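Q: For reference, the structure I am asking about is given below.
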Amino acid sequence: MAEVNAILATDCGSTTTKAILIEKQSNEYRLIVRGEAPTTVESPFDDVTVGVLNAVREVEELSGRKILSGGGIKVPSENGHGVDLYLSTSSAGGGLQMMVAGVVKTMSAESAQRAALGAGAIIIDVIAVDDGRKDYEKVERIRHLRPDMILMSGGTDGGTIKHLVDIAELLVSADPRPRLGMGVKLPVIYAGNCEAVEAVRATLQDRVDLKVVPNLRPTLDRENLLPAREAIHELFLQHVMQQAPGYSKLMTWTSTGVMSTPNAVGKIIQTIAEREQINVLAVDIGGATTDVFSVFGGVFTRTVSANLGMSYSICNVLAEAGVENIRRWIPYACDEGYLRNELRNKMIRPTTIPQLLRDLYIEQAVAREALRLAFEHHKSLARELKGVQQVRLIGDALSQEATGKTLVKLMDLDMIVGSGGVLSHAPRREQAALMMLDAYQPEGITMLAVDSIFMMPQLGILSTVMPEAAAQVFERDCLIKLGTVIAPTGTAKEGQTACVLDIQGKALEIPYGTIRVLPLDVGERVHVTITPARGLDVGAGKSRPLSAEVEGGVVGLIVDARGRPLCLPAQDDIRIAKILQWMEAFGLKVE
Amino acid sequence: MATAYTPGLKVSPFTTIRKTRRLPLKGQVLVNVGESVSPETVVARAELPGLMQTVRVPEQLGVEPADVPKHLKVSVGDSVEVGTVLAETRSFFNLLRNECRSPIAGTVEMISPVSGHVGIRYKPTPVDVKAYVQGRVVEVIADEGVVVETSGAFIQGIFGVGGERLGEIRVLAESPGQITDVDYIHDDLVGKVVVAGANITGAAIRRAAEIGVSGIVVGGIIDRDLAQYVGYDIGVAITGHEEVNTTLIITEGFGVLRMADRTFGLLKTLEGRLASINGATQIRAGVIRPEIIVPLEDGRLETGGSSSEQMLEIGSKIRIIREPYFGMLGSVKALPPELVEIESGAKVRTLVAQIESGEEVIVPRANVEIIEE
């Protein structure tokens, strides 16, 4: 690749198209400016490139660099005009909506879910032979949902053929049509038993656009998700993007095609986890959906909770979490009727913002529940393979742990990255820190961070071609470290010492049930020895001291001694007093 | 962004309205360009292929899948009725017969060489698309549908439930601030589209649905009343398919909210006219708002652009759509270019509005909508 000095990257979201300009400055890539404009996939424009050009124009105005030429983007640059690389991601038009099918719900169907989610899809339903529904119910569901594509899996290589033919028969029966494009055949990716290919092909005949890839679960103890993921990405570009307005033009402008937004965010998270050798949890909470990404021990998992979000989907958070679970986080007495109408009004006018502090706290209460629910969903899918035979020693026989344990172990987690308006644009960074603490309840020692202006998608696609440049911008301009949190697990009596911190020879007792925020600035590091009280654990075992070097952030060094699991008092006035106390630790006010 | 405010909803006494009437799958268009249509005219028709029922022949007959072909009595493409023998086995000198019969009427579509299953597809179901509004066909979309054009009053609501319905407009509220309770709902409202004021009670909605009122148009509704009416908490704002007797359209929001004078006044002038209404709402990319369309023979055609094209400027008439000034009307006095810190602590683009009381208040630009004049 020729020397790259200027990079333009856009992300076409459902409502806004964001453009960033990155330039090389004294051997280091840095973010220069960011521009945005409304996305234009709907009428009267019906062309995504109009919004891209508008966002790029804002970048031109703010940076003074001329980028556009002849109604498009000038690549490569000449004498400072244009850019050397143009990349784009997209989630406009509802993203990539998929249905997955498998033989056994907790085995092949679950592997298929992981493959589709990892490729950036929204899963609209999971069909399995053993999912408890009658055949006609499944058929009606397939027909009703109209996915962009279907991923079909099941059977280990050499295993069942009959069940796969049964699934194919379901598809034939439903005769589904894709969401976009009338008269277009529905793409179906087959990633099941290699010996059932011909039988499935004979059943499906030419009703669908069938693509066969290697089995995603060739044996019970092995997943092979990459071929299915690549096929999904390829079909996304060939089929879904071609049907979306203006995308065929956009793809001729870009240097590497267009990547789905969540796929790109997954790439940057994986790049960072690998580069730093850390376990990472990242979340992007948007208006309609919440995406959760994790890398634990090198295993990447992504999930998307399609209807958990802060504007369009805010009432779905209400429906799923229940009004009491939202109300418990509000630091004042809030009438249920007022709360419900407030959320409904946000739903119907999703672009409005809270003007009053009390309304901001309502939205932040909803965010805690949306984050919590999406995380629960993530934990249920980020797990070891089910159905694997384990070699057990005599000692293991006593611990009757089932297969399929979650991979998400909070005590091993090194960093949580929060992204999306409610976290990235919280008026105070302390509010973002407290929301993440309440929703995730990190354990042991964990760094909290937020994405400053939500540019992870653009950096994700950049990481596929220039991983070093992406990592530099991520570290310098994207990530805002809020600070390290120290959180003992277990429970103790209110007020008794939860742990003692020894910081450079100075001992500090932290009472159970409280939060303390100590000053420790961005980039500052300090050596600390934490001695938890009896029965509590900070990572070295119950009551055992742990020494570590911890890093500060814009909030500071946080000690969350509220115990795990975190329990809120049931009685309203006591609960509110407690929340106020925790807010006060961060210097947050209510009135 | 210069357009970082919510565009207002359309409330027009006389305008040109175009409705695209499209089939869910390819079919036949039944009308021609230039033809006049009434709301009930079927403009396009398609046949939705029936679902396929799988008959598990080997399991029923107790034979191996590979042996099914020699027992079959039907072939792919054959029409069958309920009880038609699909396959049979004979044993003991042909004296014992075991039969597998079709559970449905339809066409044999598939005989699986692997599983031995026989797939019978139900007869197709006709799908009709009606004109929905009285007007004229101005465009035919080959095999898919038509565009119907009409002139008349057009009012958009902010949220609705229930699908397309027809009815004569009857204004129940004496003022836009009135709360309509069950005492207002009488049997003579069957098939009508009723206009309430700032709110309609849950009991009144239930009564209206019981007697068969076509639709309700109201300023605000209490969230719990809506949940009781549809039978569940609506999670995502994609509506229109609820199984409710009466379509409900709210014009302002949730709570007790005085209907905008302009909307209420226009509905009063339309009393007695036939309205086509639809509660379908989709608040996402490709936003759909509920609507009330009343075709009129004549009127003064509005020439102004749609609200989404209007820019926010000094003097613009606005409505505030979030607390603490929710529902208040005013005009823009200043548009400070710099970011301003509001009570929540956020730094955002704001405007100064003079509200009805004469007071000048600061509100985020995202929290106002322009009122069309």
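The values are calculated or read from the model by the stated rules, or taken from the named source; none is laboratory data. From a predicted model like this one, the values you see are computed outputs, not experimental measurements. Note that we place each Cβ from the backbone using ideal geometry, even for glycine, and neighbour counts take in every protein chain shown.
Q: Examine the stretch B:48-66 for a residue that is modelled with pLDDT of 95 or more, touching a Lys or Arg at 6+ places or on another chain (Cβ under 6 Å) and more than 15 Å from B:GLU144 (Cβ to Cβ), and state whether such a residue exists.
A: Taking every residue of the stretch B:48-66 in turn, none turns out to be modelled with pLDDT of 95 or more, touching a Lys or Arg at 6+ places or on another chain (Cβ under 6 Å) and more than 15 Å from B:GLU144 (Cβ to Cβ).
Q: What is the number of the single condition among (1) surrounded by 20 or more Cβ atoms within 10 Å (Cβ to Cβ); (2) in a helix (DSSP H, G or I) that A:ALA498 does not meet?
A: (2)
Q: Here is a follow-up. B:GLU59 is checked against (1) within 30 Å of B:CYS100 (Cα to Cα); (2) touching a strand residue (DSSP E or B) at 6+ places or on another chain (Cβ under 7 Å) and fails just one. What number does that condition carry?
A: Checking B:GLU59 against (1) within 30 Å of B:CYS100 (Cα to Cα); (2) touching a strand residue (DSSP E or B) at 6+ places or on another chain (Cβ under 7 Å), the one that fails is (2).
Q: How do the helices (runs of 4 or more DSSP H) wholly within the stretch A:29-148 filter down when requiring 3 or more residues that are within 14 Å of chain B (Cβ to nearest Cβ) and surrounded by fewer than 21 Cβ atoms within 10 Å (Cβ to Cβ): which remain?
A: Correct list: A:48-63, A:135-145.
Q: So which residues in the stretch B:203-222 are within 14 Å of another protein chain (Cβ to nearest Cβ) and surrounded by fewer than 24 Cβ atoms within 10 Å (Cβ to Cβ), if there are any at all?
A: B:ILE222
Q: So B:ARG22 fits all but one of (1) away from chain A (no Cβ under 13 Å); (2) farther than 30 Å from A:ASP135 by Cβ; what number is the exception?
A: (1)
Q: Here's a follow-up. Could you look through the stretch A:1-14, keep only residues that are crowded, with 21+ Cβ neighbours inside 10 Å and not acidic (Asp, Glu), and pick out the one that is farthest from A:GLN472 (Cα to Cα)?
A: Only one residue tops the list, namely A:SER14.
Q: Tell me, which residue of the stretch B:223-263 that is closer than 22 Å to B:GLU174 by Cα, at pLDDT below 95 and more than 14 Å from chain A (Cβ to nearest Cβ) is surrounded by the fewest Cβ atoms within 10 Å (Cβ to Cβ)?
A: Result: B:ASP261.
Q: Scanning for something β-branched (Val, Ile, Thr) and within 13 Å of another protein chain (Cβ to nearest Cβ), does the stretch A:9-16 turn up at least one residue?
A: Looking through the stretch A:9-16, at least one residue is β-branched (Val, Ile, Thr) and within 13 Å of another protein chain (Cβ to nearest Cβ).
Q: What number of residues in the stretch B:108-129 are within 36 Å of the chain's Cα centre (by Cα) and surrounded by 18 or more Cβ atoms within 10 Å (Cβ to Cβ)?
A: Adding up the residues that qualify gives 5.
Q: Just need a number here: residues in the stretch A:169-222 that are hydrophobic (A, V, I, L, M, F, W, C), away from every other protein chain (no Cβ under 14 Å), touching a residue at least 60 places away in the same chain (Cβ under 8 Å) and surrounded by fewer than 23 Cβ atoms within 10 Å (Cβ to Cβ).
A: 1
Q: So, one more: Take the conditions within 30 Å of A:ILE32 (Cα to Cα) and either modelled with pLDDT under 95 or buried (at least 21 other Cβ atoms within 10 Å of the Cβ) (or both) and apply them to A:GLY483. Does it pass?
A: Yes.
Q: Name the single residue, out of those in the stretch B:130-144 being of a type in the set (D, E, K, R) and surrounded by 15 or more Cβ atoms within 10 Å (Cβ to Cβ), that is farthest from A:VAL200 (Cα to Cα).
A: B:ARG136
Q: Here is a follow-up. Which condition number does A:ASP157 fail, the rest of (1) more than 26 Å from the chain's Cα centre (by Cα); (2) within 14 Å of another protein chain (Cβ to nearest Cβ); (3) within 19 Å of A:LEU225 (Cβ to Cβ) being met?
A: Evaluating A:ASP157 over (1) more than 26 Å from the chain's Cα centre (by Cα); (2) within 14 Å of another protein chain (Cβ to nearest Cβ); (3) within 19 Å of A:LEU225 (Cβ to Cβ) leaves (2) as the failure.
Q: Next question. Do you know which of the residues in the stretch A:17-27 that are within 14 Å of chain B (Cβ to nearest Cβ) and closer than 21 Å to A:MET466 by Cα is modelled with the lowest pLDDT?
A: Among those residues, the one meeting the criterion is A:LYS18.
Q: What single numbered condition from (1) over 15 Å from A:THR301 (Cβ atoms); (2) modelled with pLDDT of 95 or more; (3) among the acidic types (Asp, Glu) fails to hold for A:ASP396?
A: (2)
Q: A further question follows. Is it fair to say A:LEU339 is aliphatic (A, V, I, L, M), touching a Lys or Arg at 6+ places or on another chain (Cβ under 9 Å) and within 12 Å of chain B (Cβ to nearest Cβ)?
A: For A:LEU339, the condition - aliphatic (A, V, I, L, M), touching a Lys or Arg at 6+ places or on another chain (Cβ under 9 Å) and within 12 Å of chain B (Cβ to nearest Cβ) - is met.
Q: Quick check on the stretch A:423-438: of everything there that is among the small types (Gly, Ala, Ser) and surrounded by fewer than 24 Cβ atoms within 10 Å (Cβ to Cβ), which residue is modelled with the highest pLDDT?
A: Across the stretch A:423-438, the extreme among qualifying residues is A:ALA426.
Q: Further question on the same structure: Can you tell me which residues in the stretch B:110-153 are in contact with a Leu (Cβ under 9 Å, 6 or more places away or on another chain), among the polar types (S, T, N, Q) and within 14 Å of chain A (Cβ to nearest Cβ)?
A: Residue satisfying the conditions is B:THR125 alone.
Conditions (1) among the aromatic types (Phe, Trp, Tyr); (2) within 19 Å of the chain's Cα centre (by Cα), marked per residue:
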residue: A:LYS66; (1), (2): no, no
residue: A:SER69; (1), (2): no, no
residue: A:PRO76; (1), (2): no, no
residue: A:TYR86; (1), (2): yes, no
residue: A:MET98; (1), (2): no, yes
residue: A:VAL103; (1), (2): no, no
residue: A:GLY120; (1), (2): no, yes
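Q: Could I ask something else about it? Among the listed residues B:VAL148, B:VAL182, which satisfies the condition of being hydrophobic (A, V, I, L, M, F, W, C), surrounded by fewer than 20 Cβ atoms within 10 Å (Cβ to Cβ) and touching a residue at least 12 places away in the same chain (Cβ under 8 Å)?
A: B:VAL182
Q: Which of the residues spanning the stretch B:66-94 are under 48 Å from the mean Cα position of the chain (by Cα) and charged (D, E, K, R)?
A: If the condition is that a residue be under 48 Å from the mean Cα position of the chain (by Cα) and charged (D, E, K, R), then B:LYS73, B:ASP78, B:GLU81 are the ones that fit.
Q: Same structure again: May I ask you to say which residue of B:ILE250, B:ILE200 is closer than 18 Å to B:GLY162 by Cβ and within 19 Å of the chain's Cα centre (by Cα)?
A: Going through B:ILE250, B:ILE200 in turn, the sole match is B:ILE250.
Q: In the stretch B:69-123, how many are in a strand (DSSP E or B) and hydroxyl-bearing (Ser, Thr, Tyr)?
A: Count: 5.
Q: Consider the stretch B:330-345. How many of its residues are of a type outside the set (D, E, K, R), surrounded by fewer than 19 Cβ atoms within 10 Å (Cβ to Cβ) and within 14 Å of chain A (Cβ to nearest Cβ)?
A: 3
Q: Taking the condition more than 7 Å from chain B (Cβ to nearest Cβ) and under 19 Å from B:ASN367 (Cα atoms), does A:ILE348 pass?
A: Criteria not met by A:ILE348.
Q: Going by the conditions given, is B:LEU266 within 14 Å of another protein chain (Cβ to nearest Cβ), over 19 Å from the mean Cα position of the chain (by Cα), buried (at least 17 other Cβ atoms within 10 Å of the Cβ) and under 30 Å from B:GLY330 (Cα atoms)?
A: Spelling it out, it is not the case that B:LEU266 is within 14 Å of another protein chain (Cβ to nearest Cβ), over 19 Å from the mean Cα position of the chain (by Cα), buried (at least 17 other Cβ atoms within 10 Å of the Cβ) and under 30 Å from B:GLY330 (Cα atoms).
Q: Here are A:ILE314, A:ILE330, A:ILE326: which of them is more than 12 Å from chain B (Cβ to nearest Cβ) and either crowded, with 22+ Cβ neighbours inside 10 Å or over 28 Å from B:ASP225 (Cβ atoms) (or both)?
A: Only one candidate qualifies: A:ILE326.
Q: To continue, here is another question. Answer yes if at least one residue in the stretch B:297-305 is of a type in the set (A, V, I, L, M) and either in contact with a His (Cβ under 7 Å, 6 or more places away or on another chain) or modelled with pLDDT under 95 (or both), and no otherwise.
A: Yes, because at least one residue in the stretch B:297-305 is of a type in the set (A, V, I, L, M) and either in contact with a His (Cβ under 7 Å, 6 or more places away or on another chain) or modelled with pLDDT under 95 (or both).
Q: Taking the conditions exactly as written (in contact with a strand residue (DSSP E or B) (Cβ under 6 Å, 6 or more places away or on another chain) and either within 21 Å of A:LYS162 (Cβ to Cβ) or loosely packed, with under 15 Cβ neighbours inside 10 Å (or both)), does B:ALA66 satisfy them or not?
A: no
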